[in-house]
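J.: Starting off with a structure, shown below.
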Amino acid sequence: MRLQKFLNEDIVKERIELIEKNCQPFLKDLKKLNNKNLLYSGRPVTINFTKKKVRKNRKPKDTPEKLHWLMDDWFFKKFGVRSRSNSIFCTFEDDEAEDYGEIHVIFPISKYKAVSSDAILDLYTFFEASDLLYFKTGKEHWITDVLKRAKYTDKLKYHENEIMITCKEYYILHLKSNEMVVKYFEENY
C-alpha cells in the first residue's frame, strides 16, 4: 500500500513538472485570470494523461461544411488561425464540457491562441438558433456581420462560453483520474 502511494505521488509530481515546464505561456495567462478554473473539454472516451497533437483540418460534426469554412476563413483573416478546423474546443465550465462526454483538462503546450467571444456560448448552436435560413439563401455576408458583432478576441478570457484553443500540441488529462494534478493547478494558478 505504501509503495502504491509512493508511485502515485511520483506520477503526480512528474505530470505537474511536465505541464509547468512545457505550458508556460498558457500558465502565465491562466494565473492572470485568477479564476481558479481550468480549461475543460468533453471526450467520448477516457484519456488518462497524454500529449496530443491538435487535429488539422477538422471536419464539422454538426455545422454545414460551407458555413464551417466561411467561419474558418473569417477567423484566419482576423487572428491568423483557423479556429474552427485546427483547434481544441474547450470551456472554463466543467458542466458544459460534460455535455460532450468525459471531462478532461487541457493544457496547451508552448505558443497558443485562445479565440472566443463572451457573447456566444457555442457558435454552431448560435447560428442554428438564430436563422440559418440566411445562410441557406446565400446571404453569406450575414455570417461575417454576426462574427464581427460577437467581438471575438484571441486573448484568454474567463467566461462560460466556447473557447477555441489553437496550438501544435497539448496535454490532456482525465479530470477524475488526475485529481491531485488538477487540484495543484487550481490552487496555484
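J.: How many residues does the stretch 97-125 hold that are part of a loop (DSSP other than H, G, I, E, B) and among the charged types (D, E, K, R)?
T.: Qualifying residue count for the region: 4.
J.: Which members of the stretch 141-155 meet the condition of being closer than 15 Å to Trp69 by Cα and either in contact (Cβ under 8 Å) with a residue 40 or more places away in the chain or touching a Phe, Trp or Tyr at 6+ places or on another chain (Cβ under 6 Å) (or both)?
T.: Hits for the stretch 141-155 are Trp142, Ile143, Thr144, Leu147.
J.: Regarding the stretch 78-90, can at least one residue be identified that is at negative phi, in contact with a Leu (Cβ under 7 Å, 6 or more places away or on another chain) and surrounded by 13 or more Cβ atoms within 10 Å (Cβ to Cβ)?
T.: Yes, because at least one residue in the stretch 78-90 is at negative phi, in contact with a Leu (Cβ under 7 Å, 6 or more places away or on another chain) and surrounded by 13 or more Cβ atoms within 10 Å (Cβ to Cβ).
J.: Oh, and also: Scan the stretch 28-45 residue by residue and report those that are at pLDDT 95 or above and touching a helix residue (DSSP H, G or I) at 6+ places or on another chain (Cβ under 7 Å).
T.: The answer is Leu38, Tyr40, Ser41, Gly42.
J.: Kindly provide the set of residues from the stretch 51-96 that are farther than 23 Å from Lys157 by Cα and part of a helix (DSSP H, G or I), ordered by number.
T.: Selection gives Glu65, Lys66, Leu67, His68, Trp69, Leu70.
J.: For Leu39, indicate whether it is touching a Cys at 6+ places or on another chain (Cβ under 7 Å), under 20 Å from Val181 (Cβ atoms) and aliphatic (A, V, I, L, M).
T.: Considered against the rule, which asks whether it is touching a Cys at 6+ places or on another chain (Cβ under 7 Å), under 20 Å from Val181 (Cβ atoms) and aliphatic (A, V, I, L, M), Leu39 comes out as yes.
J.: For Leu18, state whether it is within 17 Å of Thr166 (Cβ to Cβ), at pLDDT 90 or above, surrounded by 15 or more Cβ atoms within 10 Å (Cβ to Cβ) and out of contact with any Asp or Glu (no Cβ under 7 Å at 6 or more places or on another chain).
T.: Judged against the criteria, Leu18 is not a match.
The values are calculated or read from the model by the stated rules, or taken from the named source; none is laboratory data. All figures in this text were calculated on a predicted structure; none of them were measured in a lab. Glycine also receives a Cβ, built like all others from the backbone with ideal geometry; neighbour counts cover every protein chain displayed.
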